[in-house]
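Everything on this sheet refers to the single structure shown next.
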Amino acid sequence: MRAFSSTRRPVRTAVTAALAAVALALTLTACTSANDDLVSQYQQGGGQGFISGDGRVQEIPVDQREAAVEFSGTAVDGSTVSSADYDDTVLVLNFWYAGCGPCRAEASTLEDTYQQVSPQGARFLGVNIYDGPEQATAFEKTYGITYPSLIAKEDADLKLAFADWTPLQSVPVTLVLDAQGRVAARFIGQIESGSILRTVIDDVLAEKS
């Protein structure tokens, strides 16, 4: 596993963990943290939030990847899009919403990378977690996003499809799925380096050859 930065944390005592949680709450004002009971949160909904990019990138070796992610939802344009549409395709999933500052900051990086890798067969798909089609469309026009996005705000099944990999109440998060639909890499927070994203995608594309 390439370690662009560490994804492991030392074991903390209960007291240390509690202090860390308080510090995080004070530092990331207007953000919401990922709780263990994700399924319950997705069913009940939650407050808007975002997480600041800290450079964490987790790459998962081929022999350690879990089952394929299966999903189906309604795109901004009203069409139905599902994981079946991306069979045998490397797919980048970006979770976002229009009012998320880090999402706006990384928008051009995502679009530029999409343009670079699409000739090699990689695809991009956004998952908007809070907005309706009108807000999502306005965001796409403002930032020049040309790849599609799903609307997840009132789609519990769509949210649950990603429950193992991302707390949708805190974005942005970006997943890279391999050609078998398995998560091959996960970016936590804002993608600040298009070159790292491109390198990860190229690595996953190379697995097909």
Within segment 63-102, track down each residue that is within 16 Å of Ala136 (Cα to Cα), among the small types (Gly, Ala, Ser) and in a loop (DSSP other than H, G, I, E, B).
Gly78, Ser79, Ala98, Gly99
Kindly indicate whether Val57 is under 19 Å from Glu192 (Cα atoms), open to solvent by less than 40 Å² (accessible area, probe 1.4 Å) and more than 17 Å from the chain's Cα centre (by Cα).
no
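Yes or no, residue by residue, for (1) touching a His at 6+ places or on another chain (Cβ under 8 Å); (2) at pLDDT 95 or above; (3) open to solvent by 40 Å² or more (accessible area, probe 1.4 Å):
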residue: Val173; (1), (2), (3): no, no, no
residue: Gln180; (1), (2), (3): no, yes, yes
residue: Val183; (1), (2), (3): no, yes, no
residue: Gly189; (1), (2), (3): no, no, no
residue: Glu192; (1), (2), (3): no, no, yes
residue: Ala206; (1), (2), (3): no, yes, yes
residue: Ser209; (1), (2), (3): no, no, yes
Residues to consider are Lys141, Lys159; find the one that is free of Cβ contacts under 8 Å to residues at least 24 places away in the same chain, charged (D, E, K, R) and open to solvent by 10 Å² or more (accessible area, probe 1.4 Å).
Lys141
Output for segment 153-174, where each listed residue is over 10 Å from the mean Cα position of the chain (by Cα) and either of a type in the set (Val, Ile, Thr) or more than 24 Å from Tyr114 (Cα to Cα) (or both)
Lys153, Glu154, Asp155, Ala156, Asp157, Leu160, Ala163, Asp164, Gln169
Residue list for segment 175-209, filter: in contact with a Pro (Cβ under 7 Å, 6 or more places away or on another chain) and of a type in the set (S, T, N, Q)
Gln190
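The values are calculated or read from the model by the stated rules, or taken from the named source; none is laboratory data. Fair warning: this is a prediction, and the values are worked out from it, not measured in the lab. So basically every Cβ, Gly included, is an ideal-geometry build from the backbone, and we count neighbours across all protein chains shown. Just the protein is used for accessible areas: all its heavy atoms, side chains included, with ligands, DNA and RNA removed. Shrake-Rupley method; radii C 1.70, N 1.55, O 1.52, S 1.80 Å.
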